[in-house]
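S.K.: The structure that follows is given in the form of structure tokens.
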Amino acid sequence: MEYVNIFVKAIFIENMIFAYFLGMCSYLAVSKTVKTGVGLGAAVIFVLGITVPINYMMENYVLKEGALSWLSPELATMDLSFLSFIMFIAIIAALVQLVEMAVEKFAPALYSSLGIFLPLIAVNCSILGGALFMQERQYANVGQATVFGLGSGVGWFLAIVAIAAIREKIRYSNVPAPLRGLGITFIITGLMGIAFMSFMGIEL
Amino acid sequence: MSEVAVAEVVKEPLFSKKNRALISNPLDDDNPITVQVLGICSALAITVQVKQALVMTLSVMFVTAAGNVIVSAMRNYIPNRIRIIVQLVIVAALVILVDQVLKAFVYDISKALSVFVGLIITNCIIMGRLEAFALANKPWPAFLDGIGNGLGYGVILITVSVFRELLGSGKLWGFPVFGHKVGALLSDGTLATEASGLYALGYVDNGLMILPPMALITVGALIWIQRSRNTKLIEG
């Protein structure tokens, strides 16, 4: 039940886009059509699903105060947590590179349709944000961290697909000229954020 | 021939017109947030208070300027294939510096900013400027470009936070501007038992402005204003 709670919370209540605005840059840039939105969203789910648990293990077995005690008792007083940013971003960059190579090898069609967006996931703030929230909230075990990562990814996926669908439709509406494109997308995202706030307080 | 060679050697003044444009362009025509659409993630989340917005602006300005200078100085030595990782490492090191300084001197603000200090690493303004400018330019223009883009980011951040703090909690920089509500903590440490200022006239804070979605709508409105004034930015 704990897992379901974390999952639902990460998707709806603490949605990466609507509650924390993470990954907004690619969210705005790639949401012009549903097709690219789905592709990037799926890649984000995948990358969050593997980087959050790996970073969780890094945090708990290398960086945290006393985390190195499995190596030797003298190291139990070491606190490397100031290095966490550099560690997290290095792991994310490396994993994205790995994912890119794997996708290129085993699914060339998907690779060419994602194009430049795949490597750009490395600098998508929702990925690093996932790792940093994981660190801040101190999940009890790897399973919870994984569920949190996957849930955040699904939430991001949901948001980008929804906005892409709205943007496809809004092309036929008469939006005031200065508001076209970026402006109206911001305002719609804001309104969707207000809608998502109605999920607040749900406990499972 | 020789004249051309001499002309090339002549040093550009430090604040030539071109260099001044590096600072002034990002403020309006080429604003990182409203025109280049970069660095939005962090810009929206920390605009509830002007104080947080200012600290964030200064941090981002430092990281863009210093990162630009470092990458620009190293630009001839960074292999093209691994440049993203090199840039990320440089930026991450600078952000660690900022994070430690904030923790040491303004601990409460650093707590309020929480994960968003760390997220400066993936702030697209920084990566964008490193990729688009620092890799192709000398350190001094790169420095000015970093400062300029930091300022352009800050202008939006602070404008949004002024609206949100003023309308959302009736304060600016933590000082009550619209008077006191019942139960507000006064400067002498007592609790206000009577509403003063605008609150006495029946004014009520707009709680919606404090909620996250209003940051998006405020930025949307700013974009609307900017593009009505500057029609060449309108998207087709």
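The values are calculated or read from the model by the stated rules, or taken from the named source; none is laboratory data. It should be emphasised that the depicted structure is a prediction, and the values quoted were computed from it without experimental measurement. Cβ placement follows ideal geometry from the backbone for every residue including glycine, while neighbour counts extend to all protein chains displayed. Surface areas here come from the heavy atoms of the whole protein model, side chains and all, with no ligands, DNA or RNA. Shrake-Rupley method; radii C 1.70, N 1.55, O 1.52, S 1.80 Å.
S.K.: Give the residue list of trypsin sites (Lys or Arg not before Pro) in segment B:96-200 that are DSSP loop and have at most 16 other beta-carbon atoms within 10 angstrom.
M.R.: Here no loop site has a sparse enough neighbourhood.
S.K.: Still on this structure, I have one more. Can you give me the relative contact order of chain B as a percent, contacts being Cα pairs under 8 Å and 6 or more apart?
M.R.: Relative contact order for chain B comes out at 28 percent.
S.K.: Could you please put A:Met16, A:Met101, A:Met78, A:Met58 in sequence from largest to smallest accessible area, using a 1.4 Å probe?
M.R.: Descending accessible area places them as A:Met101, A:Met78, A:Met58, A:Met16.
S.K.: According to the Cα gyration tensor, what semi-axes, each the square root of 5 times an eigenvalue, does the equivalent ellipsoid of segment A:1-156 have, listed from largest to smallest in whole Å?
M.R.: Taking √(5λ) for each eigenvalue gives 29, 18, 13 Å, largest first.
S.K.: Just need the relative contact order of segment A:1-142 here, percent rounded to a whole number, with Cα pairs under 8 Å and 6+ apart.
M.R.: That works out to 28 percent.
S.K.: Taking only C-alpha pairs under 8 Å that are 6+ residues apart, what is the relative contact order of segment B:42-114 in percent?
M.R.: Computed value for segment B:42-114: 35 percent relative contact order.
S.K.: While we're here: Report B:Tyr107's accessible area, 1.4 Å probe, all protein chains in place, as a number in Å² to the nearest 10.
M.R.: 120
S.K.: Oh, and also: Just how large is the dipole of chain A about the Cα centre, in debye to the nearest 20, putting +1 at every Lys and Arg Cβ and -1 at every Asp and Glu Cβ?
M.R.: Around 1000 debye, computed over chain A.
S.K.: Same structure again: Counting only protein heavy atoms and a 1.4 Å probe, tell me what percentage of segment B:50-208's accessible area is made up of carbon and sulfur.
M.R.: Carbon and sulfur together cover 68 percent of it.
S.K.: Heavy atoms only, probe 1.4 angstrom, no DNA, RNA or ligands counted: give me A:Trp156, B:Trp140, B:Trp173 ranked by accessible area, highest first.
M.R.: B:Trp173, B:Trp140, A:Trp156
S.K.: Hey, another quick one. Taking the Cα centre of segment B:77-236 as origin and charging only Cβ (+1 Lys, Arg; -1 Asp, Glu), how large is the dipole, in debye to the nearest 20?
M.R.: Computed charge dipole of segment B:77-236: roughly 580 debye.
S.K.: Continuing with this model, one more query. Using only Cα atoms, figure out Rg for segment B:100-236 and give it as a multiple of 2.2 N^0.38 Å.
M.R.: For segment B:100-236, the normalised Cα radius of gyration is 1.39.
S.K.: Then there is this: Going by alpha carbons, how many degrees (0 to 90, nearest 10) lie between the helix axis of A:84-106 and the longest principal axis of chain A?
M.R.: Its long axis makes an angle of about 60 degrees.
S.K.: Go through segment B:60-68 residue by residue and turn each phi into a ³J(HN,Hα) via Karplus (6.51, -1.76, 1.60, θ = phi - 60°); whole Hz please, and just put x for glycine and proline.
M.R.: 5, 4, 4, 5, 5, 5, 5, x, 4
S.K.: Given the convex hull over the Cα atoms of the protein assembly as shown, what projected area results after averaging over all orientations, in nm²?
M.R.: In nm², the orientation-averaged hull projection of the protein assembly as shown is 28.3.
S.K.: Once every DSSP H run of n ≥ 4 in the protein assembly as shown is given -39500 (n - 2.57) and the sum is divided by its residues, what mean residue ellipticity at 222 nm do you get, rounded to the nearest 500 deg cm²/dmol?
M.R.: -19500 deg cm²/dmol
S.K.: Evaluate E = 1/(1 + (r/R0)^6) for A:Ala177 and A:Ser69, where r is the Cβ-Cβ distance and R0 equals 45 Å; express this FRET efficiency to the nearest 0.05.
M.R.: 0.10
S.K.: Between B:Trp173 and B:Phe15, how high is the FRET efficiency from 1/(1 + (r/R0)^6) when r is the Cβ-Cβ distance and R₀ = 25 Å? Nearest 0.05.
M.R.: Efficiency computed from Cβ-Cβ geometry: 0.20.
S.K.: Tell me the volume per residue, in Å³, of the convex hull enclosing the alpha carbons of segment A:83-189.
M.R.: 145
S.K.: With charges set only on the Cβ (+1 for Lys and Arg, -1 for Asp and Glu), what does the dipole of the protein assembly as shown come to about its Cα centre, in debye to the nearest 20?
M.R.: Around 1080 debye, computed over the protein assembly as shown.
S.K.: Starting from the Kirkwood radius over alpha-carbon pairs of segment B:142-186, derive D by Stokes-Einstein at 37 °C in a medium of 0.692 mPa s and give it in µm² s⁻¹.
M.R.: The calculation lands on 266 µm²/s.
S.K.: Continuing with this model, one more query. Give the accessible area for B:Asp145 in Å² (nearest 10); use a 1.4 Å probe, count only protein heavy atoms, and leave out ligands, DNA and RNA.
M.R.: 10
S.K.: Can you sort B:Leu166, B:Leu151 by solvent-accessible area, 1.4 Å probe, largest first?
M.R.: Of B:Leu166, B:Leu151, the descending order of accessible area is B:Leu151, B:Leu166.
S.K.: Could I ask something else about it? With every protein chain in place, what's the accessible area of A:Cys125 (1.4 Å probe, Å², nearest 10)?
M.R.: The accessible area comes out at roughly 0 Å².
S.K.: What is the P(r) of segment A:1-64, as percent of Cα-Cα pairs per 10 Å bin from 0?
M.R.: 18, 40, 33, 8, 1
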